[in-house]
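> Okay, here's the structure, questions in a sec.
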Amino acid sequence: MGERVESACELAAQMSEQIIAVMRGVEDPAERHRLIGEVLAENSGVVSELAGLIRESVQAMKDEQGMSYGRIAAELGLSRSRAQQLYDGTR
């Protein structure tokens, strides 16, 4: 599992660096602004999907593994109330 996490984080970092490099290379400020807006819009789905996966993980820890909110919070470095919010699907 650790290797997959490292790989995913490395990939995300590489993609971010490449996107930022491309944006920095756009000299026209208005064009850069439009392109950044397009990239953000295109990637909003990824952020939503990842947020859903976080929620699913917390729900699995509680429902499938029988962990308490306190234990989930300690495991993930969250507050107990945040763990419960994630479980309930609230922001």
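The values are calculated or read from the model by the stated rules, or taken from the named source; none is laboratory data. Please read all numbers here as calculations on a predicted model, not as lab measurements. Using ideal geometry, Cβ is built from the backbone for each residue, glycine included, and neighbour counts are taken over all protein chains shown. Ligands, DNA and RNA are stripped out before the accessible areas are found, and what is left, the full protein with its side chains, is counted by its heavy atoms. Shrake-Rupley method; radii C 1.70, N 1.55, O 1.52, S 1.80 Å.
> Would you rank Val47, Val26 by solvent-accessible area, highest first, keeping every protein chain in place and using a 1.4 Å probe?
Solvent-accessible surface, decreasing: Val47, Val26.
> Follow-up. Per-residue HN-Hα couplings for region 24-38, Karplus 6.51 cos²θ - 1.76 cosθ + 1.60 at θ = phi - 60°, whole Hz, x for Gly and Pro?
Couplings: 5, x, 7, 6, 6, x, 5, 5, 4, 4, 4, 5, 4, x, 5 Hz.
> With an 8 Å cut-off on Cα pairs and a minimum separation of 6 or more residues, tell me the relative contact order of the chain in percent.
16
> Given all pairs of different Cα atoms, what value in angstroms does the Kirkwood hydrodynamic radius of the chain take?
After inverting the mean inverse Cα-Cα distance, the result is 15.7 Å.
> Once you list every other residue whose beta carbon is under 12 Å from the beta carbon of Ser57, what net charge do they have if Lys and Arg are +1 and Asp and Glu are -1?
-2
> Using the Cα centre as the reference, give the magnitude of the dipole from point charges on the C-beta atoms of the chain (Lys, Arg: +1; Asp, Glu: -1; all else neutral), rounded to the nearest 20 debye.
Approximately 500 debye in magnitude.
> For region 3-88, what % of the accessible area comes from carbon and sulfur atoms, probe 1.4 Å?
Carbon-and-sulfur percentage of accessible area, whole number: 53.
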